[in-house]
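> Starting off with a structure, shown below.
Just so you know, all these numbers are worked out from the coordinates, no wet-lab data involved. Just so we're clear, the structure is a prediction, and the values are computed from it rather than from any experiment. So basically every Cβ, Gly included, is an ideal-geometry build from the backbone, and we count neighbours across all protein chains shown.
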Amino acid sequence: MEAGLPAAVTICEVGPRDGFQIEPTFIPTERKIEIVDALSRTGVRQIQATSFVHPKAIPQLSDAEEVMARIERRTGVRYSALVPNEKGASRAIAAEVDCVDVVVSVSESHCLSNTNMTPERAMERAGSVASLCREAGVAASIGFATALGCPFEGIPSYERVERMVGQAVEEFGYVRVTLADTVGMANPTLVRSTMSRLADRFPGVLFGLHLHNTRAMGLANVLAGLEAGITWFDSSVAGLGGCPYAPGASGNVATEDVVNMLEEMGVATGIDMTRLLGVATQVREIVGHADSGVLNAGPSSKLLGPFRGPQVTSGAQDQGSSSQV
Ligand code: COA
Ligand code: ZN
């Protein structure tokens, strides 16, 4: 491990929510349950299993209650669900989630298109969600969509982000806060400076990053987050993901790519790569696509074999050379 980087991080697997919500065809409930259960056997300790939103807004996750009721609750794994409002929180609490993840968009236009509310109204409701969870004895976290870029309004000002985080933390009592790059507009400099400033301003808050790889900056942004001391990363098996209310949104940074990079750097994730790749393969079979370097090429650790020197024999110089480059 390089000096200055954390020794271990938490990976929160969001594929069953962020991934399945954008698939054009409804994934049968049985398959969803299989995937959540398979993920829970990889060593991942946080799974965002579904969302409790309006079924017309996200028909793909209209089976949230059934998914939560039928997944195996593996000891040591915490199962959360995304909610936009009090109704979602009540449904999630009734479904016995371990944590309610409320979402608020920083930008007005995305907030309106995603949840039909202004950010101010969404914040009020996030306050009510915190109260509901406190009364029920259920943990709550808040995620800020478009905090690092909005497809309609660009990058929000740091001051706006800090003000919203401040209200969540100081007024509503949230102690876990995730910043989302909903459409992959962030860059490492922005991530490093935003997360360092927030961590300095709100010590005691566990900050997370939710990064989309839309413009292939996902892993670079993970590294920038690590350098800013962030130890919680959302990611999605097979690189699934995207928001139907954000034009151009595509997958989250793939869990297997994040785990490969971090483990190679000596940052522990607790996740078994062989099992994870098994799930990624299963997911690719179900949805018919994947966006993941490691799923295509294999993890770096598996490629290390003894170096035997150049295998040049007379007359065979050209054969096979293309596969060596
Ligand atoms: N789950 C189920 N039903 C819900 C609900 C929820 N979380 N929240 C509201 N409803 C129901 C209300 O009970 C009401 O039902 P009724 O007409 O039978 O009385 C109806 O929806 C309208 O309620 P309202 O508060 O006016 O909601 P809305 O139509 O303005 O929609 C949201 C607001 C937030 C519910 C909707 O936009 C939504 O679910 N968005 C989520 C989008 C999303 O998940 N995006 C990707 C993840 S970031
Ligand atoms: Zn997302």
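> If you take all C-alpha pairs in the chain, what percent of them are over 28 Å apart?
In whole percent, the long-distance tail amounts to 38.
> According to the square roots a ≥ b ≥ c of the eigenvalues of the Cα gyration tensor, what is the shape class of region 151-292, taking rounded for a/c under 1.5, prolate for a/b larger than b/c otherwise, and oblate for the remainder?
Prolate shape, in that a/c is at least 1.5 and a/b is the bigger ratio.
> Would you work out the charge dipole size for region 10-303 about its Cα centre, treating the Cβ of every Lys and Arg as +1 and the Cβ of every Asp and Glu as -1, and quote it to the nearest 20 debye?
The dipole of region 10-303 has a size of about 100 debye.
> I'd like the distance between the alpha-carbon centres of region 84-139 and region 54-75, rounded to an integer number of Å.
One Cα centre to the other: 17 Å.
> How high is the FRET efficiency between Thr189 and Asn296 when r is their beta carbon distance and R₀ equals 35 Å, given to the nearest 0.05?
E between Thr189 and Asn296, to the nearest 0.05, is 0.75.
> Next question, about the same structure. So, in nm, how far is label Arg215 from label Arg31 when the simple model puts each one 7 Å beyond its Cα toward the Cβ?
My value for the distance between the label points is 3.2 nm.
> Right, here's the next one. For region 1-145, with the dipole built from +1 on Lys and Arg beta-carbon atoms and -1 on Asp and Glu ones, taken about the Cα centre, which of Ser105, Ile22, Val53 lies farthest toward the positive end?
Looking along the dipole axis, the top candidate is Val53.
> Please give the contour-minus-distance gain from Arg134 to Ser109: 0.36 nm per residue of separation, less the Cα-Cα distance, rounded to one decimal in nm.
Length difference between fully extended and current span is 6.0 nm.
> In addition: For His54 and Ala94, what does the FRET efficiency come to when R0 = 25 Å and r is the distance between their Cβ atoms, rounded to the nearest 0.05?
Efficiency, from the Cβ-Cβ distance: 0.95.
> Turning to a different aspect of this structure: Please report the orientation-averaged projected area of region 146-187, defined via the convex hull of its C-alpha atoms, in nm².
Mean projected area for region 146-187: 3.1 nm², to one decimal.
> Quick check on region 63-138: what does the Kirkwood estimate of hydrodynamic radius come out to from the alpha carbon pairs, in Å?
Computed over region 63-138, the radius equals 13.1 Å.
> Toward the positive end of the charge dipole of the chain, about the Cα centre and with charges on Cβ (Lys, Arg +1; Asp, Glu -1), which of Ala89, Gly184, Val279 goes farthest?
Final value for the positive-end residue is Val279.
> For region 91-114, list residues with backbone N below 16 Å from a point placed 7 Å from the Cα of Arg197 toward its Cβ?
106-107
> Could you tell me what percent of the DSSP beta bridges with both partners in the chain are antiparallel, to the nearest 5?
The antiparallel fraction comes to roughly 5 percent.
> Among Thr29, Thr75, Thr182, what is the fewest-to-most ranking by other Cβ atoms within 10 Å?
The most exposed by this proxy come first: Thr75, Thr29, Thr182.
> Would you calculate the convex hull of the Cα atoms in region 28-81 and tell me its volume per residue in Å³?
64
> Right, here's the next one. Please give every one of the lysines within straight-line cross-link reach of Lys87, meaning a C-alpha to C-alpha distance under 17 Å, and leave out same-chain neighbours fewer than 8 residues apart.
Lys56
> On full extension of the chain, what length is gained from Glu86 through Arg73, given 0.36 nm per residue of separation minus the C-alpha to C-alpha distance?
2.2 nm
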